[in-house]
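Report on one structure; see the data block that follows.
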Amino acid sequence: MNIIADNLTKVKARIALAAERSGRTPQEVKLVVVTKGRTTEEIHTVLETGHTVIGENRVQEAQQKYKTINQLITDSDNISSDLTCEWHLIGHLQRNKVKPALDMFGMIHSVDSFRLLEEISRRAEMNKQQVDILLQINTTKEVSKFGLDAAELFEFIERSLSYPVVHIKGLMTMGMFSDSPEENRPAFALLRTLAEKIQVEEITGISMQYLSMGMTNDFEIAIEEGANIVRIGRAIFE
């Protein structure tokens, strides 16, 4: 079996076990295969397995792949022509890259400022488009990381209600880069707690459908703490 396909099978098995430990089914956890720095041939191999959810960190890199991958799907004998690739932007989004981002991505995980939300709304209105986003929260309080402070979250959501074409679907965070996945459990638990507090408020138009947290080093801990989107690249491609 191709090493990428084999690794993908192993990762999905680990996701399934972590989901079961948290009292959920494997189907309740969405795997975003992170393809930053990966070739279109490697992405094509992932698609041949039937997995269609792709995550990119940078808009410019995604632009170089987007048309090629869609054409590969059309031309490939090993991929159903009915297959639709689901693209997620998981990296930091600059405001000057919003326009091309909206042309490609079905969900933006990394909204971390009100100016960015305003620009997404402005571009979406021009396109007569509805946009699904997640709010990125800096739950580790690392100065090197993007993300809203947890204390800002409720005020941010209140202000966002003036921009109805942008749909907040949940929260996203990144754990610390650590050899010990357990170190990130508090950061993931905090994100879950924030989502639960927002849900209690029952704010019209605001959904906490998704918690995007967990990468190669710590996705099992993230799932145990409530993640239903995990973003994994290295465990699949290396």
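The values are calculated or read from the model by the stated rules, or taken from the named source; none is laboratory data. This is a predicted model, so every value here is computed, not measured. Here Cβ is always computed from backbone atoms with ideal geometry, including for glycine, and neighbour counts include all displayed protein chains.
The table that follows gives values for the structure above.
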quantity: Scan of segment 39-68 for residues that are assigned to a strand (DSSP E or B) and surrounded by 20 or more Cβ atoms within 10 Å (Cβ to Cβ), ordered by number; calculated: Ile54, Gly55, Glu56
quantity: Residue in segment 12-35 that is part of a helix (DSSP H, G or I), crowded, with 18+ Cβ neighbours inside 10 Å and among the small types (Gly, Ala, Ser) present; calculated: yes
quantity: Cβ-Cβ under 8 Å pairs, at least 6 apart or on other chains, segment 77-96 side at pLDDT 95 or above, far side loosely packed, with under 10 Cβ neighbours inside 10 Å; calculated: Arg95/Arg115
quantity: Residue ranges of strands (runs of 3 or more DSSP E) in segment 147-238 with at least 3 members in contact (Cβ under 8 Å) with a residue 40 or more places away in the chain and under 28 Å from Asp6 (Cα atoms); calculated: 210-212, 229-232
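The rows are residues; the columns are (1) under 25 Å from Phe105 (Cα atoms); (2) within 20 Å of the chain's Cα centre (by Cα).
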| position | (1), (2) |
| --- | --- |
| Gln136 | yes, yes |
| Thr139 | yes, yes |
| Phe146 | yes, yes |
| Ile157 | yes, yes |
| Leu161 | yes, no |
| Ile168 | yes, yes |
| Glu183 | no, no |
| Leu191 | yes, yes |
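Yes/no per residue for (1) surrounded by fewer than 20 Cβ atoms within 10 Å (Cβ to Cβ); (2) acidic (Asp, Glu); (3) at pLDDT 95 or above; (4) closer than 21 Å to Leu93 by Cα:
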| position | (1), (2), (3), (4) |
| --- | --- |
| Ala150 | yes, no, yes, yes |
| Pro186 | yes, no, yes, no |
| Leu194 | no, no, yes, no |
| Val200 | yes, no, yes, no |
| Ser212 | no, no, yes, yes |
| Ile223 | no, no, yes, no |
